[in-house]
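Structure first, commentary second.
What follows is calculated from the coordinates using simple rules that are stated; it is not laboratory data. Bear in mind that the values here come from a model prediction, so they are computed numbers and not experimental data. No Cβ is skipped: glycine too gets one built from the backbone with ideal geometry, and neighbour counts run over all protein chains shown.
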Amino acid sequence: MEPRKRLARLREARAPLERLELAQDKVPGTDLDGLVKLVIGAARFLNENRDVEPKFTAHARTFLEGFGIDVATAIADGNAGFLRRLADATEVWHRHRPNPDKLRAALVRYCASRGRTYSLRELLRMLPENGVPAATTTAWNVRRVARELGITIRGTAGRPKETDSRSPQD
């Protein structure tokens, strides 16, 4: 997904997990991301656990059976639009190469509660702990990205104004 579209979807995402997946660029950003992710996950789970007892794989099998029934119903009803969208989403998913934004992902992960106000020092301190190199992170960049994500930072940007504390000279 191109960066502007990803940023727009990141702003409108409500769930913290969805925001984190978008920041880490794990999903390509199609309208069927949730469905494709579940189908791929269930299929991988069943393929990796072939010799496991059926009671542990029942949920994945039930999901894939329901998906198969939905696809069969779409074919029977002639809903070619859904099948085209599903085919396009599958193609996009398999072409997608993640390009994670470490700074955005770290800020989303750390600032999960949107109502809270954070200090810039606190954010700069936690970034190296979350895999963001300290040498590449500036206070200006953190403020810019936090503003884009709707994270409130205490204080104002820039240097403090100089005030003349000396007494006026006559």
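Please arrange Trp93, Trp140 by how many other C-beta atoms lie within 10 Å of their C-beta, fewest to most.
The most exposed by this proxy come first: Trp140, Trp93.
Which residue, Gly34, Leu124, Pro98, has the largest displacement toward the positive end of the dipole of the stretch 4-136 when charges sit on each Cβ (Lys, Arg +1; Asp, Glu -1)?
Leu124
Which aspartates and glutamates, if any, have their Cα less than 20 Å from the Cα of Lys102, not counting same-chain residues under 8 positions apart?
Correct list for Lys102: Glu2, Glu12, Glu18, Glu21, Asp25, Glu122, Glu129, Glu148.
Find the eigenvalues of the gyration tensor of the Cα atoms of the chain, then list the square roots of 5 times those eigenvalues as equivalent ellipsoid semi-axes, largest first, in whole angstrom.
47, 18, 13
Using a ≥ b ≥ c from the Cα gyration tensor of the stretch 14-113 (square roots of the eigenvalues), is it rounded, prolate or oblate, where a/c under 1.5 gives rounded and otherwise the larger of a/b and b/c decides, a/b for prolate?
oblate
Suppose R0 equals 41 Å. What FRET efficiency, 1/(1 + (r/R0)^6) with r the Cβ-Cβ distance, do Leu32 and Glu162 give to the nearest 0.05?
0.15
Which trypsin sites (Lys or Arg not before Pro) from the stretch 65-141 combine a DSSP loop assignment with at most 15 other Cβ atoms within 10 Å?
Arg114, Arg116
Which helices, taking whole DSSP H runs in the chain, have alpha carbons extending 18 angstrom or more along the helix axis plus mean Kyte-Doolittle at least -1.0?
Helices meeting the span and hydropathy rule in the chain are 33-48, 54-77, 80-95.
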